[in-house]
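Notes to accompany the following structure.
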Amino acid sequence: MKKAKIFIVKYESQSKYNVCFVDYPSQEKNIALISPGELVKYENQADVKVFIVNHTSQADILITRKNFPA
């Protein structure tokens, strides 16, 4: 399986997915979209652009910090 290249954008309108961090693995949802993956430094290197949101109701992907690509 190919690793996704992920870039965190500054504005929600630039993202493909909204991501929210959860506390427990049982709360995770849709993590296969970005995990396994790696963060990239530049937007043009990315396969997937994400925006970090504060509320689970706003998120497309729920993931624990441990499973978030580094």
Task: Selection from segment 5-15 of residues that are part of a loop (DSSP other than H, G, I, E, B) and surrounded by 17 or more Cβ atoms within 10 Å (Cβ to Cβ) - done: Ser15
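Hey, can you tell me all the residues within segment 23-41 that are in a strand (DSSP E or B) and crowded, with 17+ Cβ neighbours inside 10 Å? Don't jump to the end; show me each part of the working.
Of segment 23-41, the ones in a strand (DSSP E or B) are 29, 37-39.
Once the filter is applied, which keeps residues that are in a strand (DSSP E or B) and crowded, with 17+ Cβ neighbours inside 10 Å, segment 23-41 yields only Gly37.
When the residues of segment 43-70 are filtered to those that are among the hydroxyl-bearing types (Ser, Thr, Tyr) and either under 10 Å from Lys5 (Cα atoms) or touching a strand residue (DSSP E or B) at 6+ places or on another chain (Cβ under 7 Å) (or both), which remaining residue is surrounded by the fewest Cβ atoms within 10 Å (Cβ to Cβ)?
Among them, the one singled out is Thr56.
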Open item on the list: Of the residues Lys49, Lys66, only one is among the basic types (Lys, Arg), in a strand (DSSP E or B) and either within 9 Å of the chain's Cα centre (by Cα) or at negative phi (or both); which?
Closed with: Lys49
Task: Any pair with Cβ under 6 angstrom, 6 or more apart, that starts in segment 16-41 at a residue that is over 12 Å from Thr56 (Cβ atoms) and ends at one that is assigned to a loop (DSSP other than H, G, I, E, B) and aliphatic (A, V, I, L, M) - done: Val40/Ala46
TODO: Output yes when any residue across segment 51-66 is touching a residue at least 12 places away in the same chain (Cβ under 8 Å) and in contact with a His (Cβ under 8 Å, 6 or more places away or on another chain), and no when none is.
DONE: no
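Read-outs: derived from the displayed coordinates by stated rules, not from any lab. Given the structure is predicted, the values throughout are model-derived calculations rather than measurements. Here the Cβ is made from the backbone with ideal geometry for all residues, glycine too, and neighbour counts use every protein chain on show.
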